[in-house]
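Enquirer: So that we are looking at the same thing, I have put the structure below in structure tokens.
What follows draws every value from the coordinates through simple rules; no lab data is involved. Values in this document were obtained by computation on a predicted structure and should not be read as measured data. Please note: Cβ atoms are built from the backbone with ideal geometry, for glycine as well, and neighbour counts cover all protein chains shown.
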Amino acid sequence: MNRIICVKNVSKVYRIPKSEKGFFKGIKSLVKPNIVEKVALKDVSFEISEGEVVAYIGPNGAGKSTTIKLLTGLLLPTSGHISVKGQDPFQYRKQLAQMTGVLMGQRSNLWWDLPLQDSYDLLRVIYNLDKKTYIEWSRYLIETMGIEDLLSQPVRMLSLGQRMKAEIVSIFIPKPEIVYLDEPTIGLDVVTKQKVIEFLMHINKQFHTTIILTTHDLQDVEKLCKRMILIDKSILKYDGTVSNFIKKYGNMKRVMIKSDSDNVPQLPNDFTLSEQFIDGWEFIYDQSRYDKRDVLAMIAKLENVTSVSFKDPDLSLIIKNMFREDFEHVWDQ
Amino acid sequence: MFGISRGFAYFLASFKISLRYKVNVWLQVLGAVILVSIQYFLWKNIGNNNESLLNGIEVNSIMLYVIFSRLLVFIIPGNGTTSFISQKILKGTISVDLLRPVHIQVSALCYEFGKLLFNSIFILVPSILLSILFLDIPVIKVNIDQFLLFGLSFTLSYLIAFQMSFMIGVFSIWFGNVWGVREFYEALLMIFGGSLIPVSLYPTFFQMIAIYSPFQSIYFTPLTWISNIDHFIDHPILVQVCWLFIFSSLNHFLLRYALRRAVIQGG
Amino acid sequence: MKRYMTLYYHYVKLAFKSLFVYRMDFLIGSFGFILSTGALFFSLFILFNYVEEIGGWTYWEVVFLFAYTSLARAIWDTFMFNMMSLSTKVIDGSFDLYLTRPISALFQLLFEKIDPDTIGELLFSFFLTFVCLYKFEILFDVKMSLLFCGFLFSSVLAFSAIHLVVNALSFWIMETRTVNFIIWRLDELIQYPISIYPKWLQKILILIPFAFCGYFPVSLLINAEHSLYVYMTLIAGPVAFCVALLVWNQGMRKYQSTGS
């Protein structure tokens, strides 16, 4: 398959004037601002082929948005090399923009006061699309997403979910080859989220659109993406299939203990309390160290326990725990 | 008191926001000095080529008046307060403010105080100093009584302007957008508030309208105390108190109505 | 080029469409704008009740100067006011949206929205200019009328250039709202003949080039002068705009290499 995106040893460092605390220091910094360097990406390399759906995940501030800005040519990397469709995105920003769709959090493609249809029509002009193809293609997108009813409504009247659906359709109006979606499902209800995911899957299957999405919702990743790239503290930590990731790092198990007592059950140190409920606690432990029977035996010694249940790990659980200090050893393997 | 300390947080926030944008501060001082210079050169030119009394007022007094009116623009509440409240209404977050322990007017006012302190220290004081240093701005003997009355009168005008801007913000419930109303208010302030030239120079007809409008309480009244211009109303401070009372009560009712509407409409 | 023309047509169409969304506010705003331009005019009127001339200019000459500068500014204000939002767009990151599109970011910034609120101001100052053109016998003189149009074009460009530079500062200093506010207020500077200012200030005004937005064109029109200044006034705007474009490009480079 064709490699559409190539990122090689890319680093990005921001230089930020530091704001001083305290009144007089504040005044002093008026004269001579302190510059602080902040590393957003450190020596990151990956490649993406045409038609792939890739999840780009990591905690806040890990460098996800920076990566998207670099790939769309909005920013210049401090070092390293990027090519999109064989070209330098910074130099060929406008040419690449013609075939790229970008959804950036909080930034809207839509005109606030006007009916949705007007925003789409404007995009046709901005992207210089042929009128006939535009009409057919936009109708197809609108029907696939199921937002026919919204077209005549002013955008400011749309609910959050409706607006996101409309926003995502707007991204696909110019029939892009590559699409970057920054948090496309954030804050959406279950039904809308499902619709958005189905829409993306459908478009990807039909038209081999390359989709790169950042998200915090790991259920989306499991549904939509075969491949994931994990980034943490500006460093690429994992690049491979989602299923491999779960297999490799998935020897954690969850155990749910319900109890009448208010005290947290005393278990060995490598049992991590992951969640607290009104009537119980959920712990995570390493399956390779403790057998299920060992765990049951330990719990049996506790008082007031009303029920015990075991669960398999999912992606969110694994990642959540990887970013904890006490699971640092997982990275060292 | 809990409410006040929470209000103080708003005050600090507004102060810090302003500090963050550094170069801006210097440019603002520059801008203020230029604004003062325009009036200085204009009135100096007028003073040199005409007799020294216009409508019985000394040119030097007028010069002081217009210079200070240009500086007051930086600290009199206005746009900030209007958008503070109108954004809350338009985004529907006003119902959240209902739940806060601080009255919404207190938090808006604290925000303005932050601006007042910041702009006084970083714009007013430096630009007054620079102006005195480079331009021979006339000095008029102002006795301590007049100065105290100016202080009192300015405080009242500050609060009236705050109440009026706040009210315009509340208007966004009906208009959806208050940019136009805001522009209208500014224009009235220029004509009847005497923010461009003292009302005393107007033809009698316009003077009469200005006297009975609330706008002259914002610029004209406080400025007359420090520029030795006759304020041709009896008890100007009493008039200010009345206007403040009227607008505060109006806002009280408007706000209650607005909150009820916001709650019904939902966020 | 054709693509940009079509796009501009669409922008204008949408702007007028959204104008009717807040009809009430639009009406009040237009009226307010007429009133605030009127207020400035009013203060001139009051002033001339007491004085014969300002800086050697008579009442009607000052009115012409006032009308001309208001008109040039109103044209800029109506069609390019969106550049004032650059600072906000850089701070909240929505400027990035322009960069993800296949057309010039500057074009989008300048023309994406037109400000219909200022149409009142536009009409008022146009009317006043028209009266002055008649008064100074320029209206029926084809050559002078053409010169007037040329001057006006140059002045609008000069106005835009000044504001573009100020707004492009957002790329370096983030917040320019207050600077904008000051530049806005500085318009007052050129509403009086610059001859009232000391020499050094006059030089600055020629350099900035505020003097070409009013003082020079109007005095050349009034005196029907044929000097080198005519050509200077005609090219001042385009030159200033080119300089502004250079500043803009530098700003974009800064923005894209360091990020917000």
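Enquirer: I need the calculated FRET efficiency for the pair B:Glu51 and B:Leu250, taking r as the beta carbon distance and R₀ as 60 Å, to the nearest 0.05.
Expert: My answer for the efficiency is 0.85.
Enquirer: Could you tell me the center-to-center distance, by alpha carbons, between the range B:173-217 and the range B:243-262 in angstrom?
Expert: 21 Å
Enquirer: Here is a follow-up. Subtract the Cα-Cα distance of A:Lys131 and A:Ser159 from 0.36 nm times their separation in residues, and report this length gain in nm to one decimal.
Expert: In short, 7.2 nm is gained.
Enquirer: Mind giving me the nanometre distance, one decimal, between the label points for B:Gln87 and B:Arg260, set 7 Å out from Cα along Cα→Cβ?
Expert: Calculated label separation equals 2.9 nm.
Enquirer: In square nanometres, what is one fourth of the surface area of the convex hull spanned by the alpha carbons of chain C?
Expert: 15.4 nm²
Enquirer: Let me ask another. Whole-Å semi-axes of chain B's equivalent ellipsoid, largest first, each the root of 5 times a Cα gyration tensor eigenvalue?
Expert: 35, 22, 16
Enquirer: Same structure, new question: In terms of the Cα gyration tensor, with a ≥ b ≥ c the square roots of its eigenvalues, is the range A:143-268 rounded because a/c is under 1.5, prolate because a/b exceeds b/c, or oblate?
Expert: oblate
Enquirer: While we're looking at this one, here's another question. I want to make sure I understand the PRE zone here: with the label point 7 angstrom from the Cα of B:Asn228 toward its beta carbon, which residues in the range B:48-69 have backbone N atoms less than 16 Å away?
Expert: The answer is B:52-68.
Enquirer: So, one more: Separation between the C:Phe20 and B:Val73 pseudo-spin-labels, each 7 Å from Cα along Cα→Cβ, expressed in nm?
Expert: 3.6 nm
Enquirer: Okay, moving on. How long are the semi-axes of the equivalent ellipsoid of the range C:140-260, defined as square roots of 5 times the Cα gyration tensor eigenvalues? Whole Å, largest first.
Expert: Rounded to whole Å, the semi-axes are 30, 17, 11.
Enquirer: Once the piece of chain linking A:Ser261 and A:Glu37 is laid out straight, how much longer is it, given 0.36 nm per residue of separation minus the C-alpha distance between them?
Expert: In short, 75.7 nm is gained.
Enquirer: Calculate how many DSSP beta bridges within chain A are antiparallel, expressed in % of all such bridges and rounded to the nearest 5.
Expert: Just about 70 percent of them are antiparallel.
Enquirer: Still on this structure: Once the principal axes of the Cα atoms of the protein assembly as shown are found, what is the range along each, listed largest first in whole angstroms?
Expert: Sorted largest first, the three principal extents are 106, 65, 52 Å.
Enquirer: Still on this structure: Applying 1/(1 + (r/R0)^6) with R0 = 22 Å to the Cβ-Cβ distance of C:Met5 and C:Phe81, what FRET efficiency is obtained, to the nearest 0.05?
Expert: Efficiency for this residue pair is about 0.60.
Enquirer: Right, here's the next one. Taking a point 7 angstrom from the Cα of A:His208 along the C-beta vector, which residues in the range A:52-91 have backbone N less than 16 Å away?
Expert: Output list for this probe position: A:52-53, A:85-86.
Enquirer: Shape of the range B:182-267 from its Cα gyration tensor (a ≥ b ≥ c, root eigenvalues): rounded if a/c is under 1.5, otherwise prolate when a/b > b/c, or oblate?
Expert: prolate
Enquirer: Given axes a ≥ b ≥ c from the Cα gyration tensor, I'd like to know whether the range A:44-117 is rounded (a/c under 1.5), prolate (a/b larger than b/c) or oblate.
Expert: Verdict is prolate for the range A:44-117.
Enquirer: I want the antiparallel fraction of DSSP beta bridges within the protein assembly as shown, as a percent rounded to 5.
Expert: Beta bridges within the protein assembly as shown, antiparallel portion: roughly 75 percent.
Enquirer: May I pose another question? How large are Rg and Dmax for the range C:31-150 when calculated on the C-alpha trace, in angstrom?
Expert: Final numbers for Rg and Dmax: 18.7, 58 Å.
Enquirer: Let me ask something else about it. Excluding the sites themselves, what is the longest stretch of chain A that contains no trypsin sites (Lys or Arg not before Pro) in a DSSP loop with at most 15 other C-beta atoms within 10 Å?
Expert: A:22-225
Enquirer: Based on the Cβ-Cβ distance from B:Val106 to C:Phe107, what FRET efficiency comes out when R0 is 51 Å, to the nearest 0.05?
Expert: E between B:Val106 and C:Phe107, to the nearest 0.05, is 0.65.
Enquirer: To test your reading of the geometry: what angle, between 0 and 90 degrees and rounded to tens, separates the Cα axis of helix C:2-19 from the longest principal axis of chain C?
Expert: Result, in degrees: 80.
Enquirer: Quick check on the exposure proxy: order C:Trp76, B:Trp174 from fewest to most C-beta atoms within 10 angstrom.
Expert: Least to most surrounded, the residues fall as B:Trp174, C:Trp76.
Enquirer: Helix hunt in chain B: which complete DSSP H runs extend at least 18 Å axially by C-alpha with mean Kyte-Doolittle at least 1.0?
Expert: Span-like helices in chain B: B:59-72, B:144-170, B:236-265.
Enquirer: Let me ask you something else. Treating each Cα of the range A:3-246 as an identical point scatterer and ignoring solvent, apply the Debye formula and state log10 I(q)/I(0) at q = 0.11, 0.15 Å⁻¹.
Expert: -0.63, -1.06
Enquirer: Something else now. When the Kirkwood radius is taken over all Cα pairs of the range A:251-312, what Stokes-Einstein diffusion coefficient follows at 20 °C and 1.002 mPa s, in µm²/s?
Expert: 185 µm²/s
Enquirer: Filter the GluC sites (Glu not before Pro) in the range C:141-233 down to the DSSP loop ones having no more than 12 other Cβ atoms within 10 Å, then list what survives.
Expert: Loop-located and lightly packed - C:Glu225.
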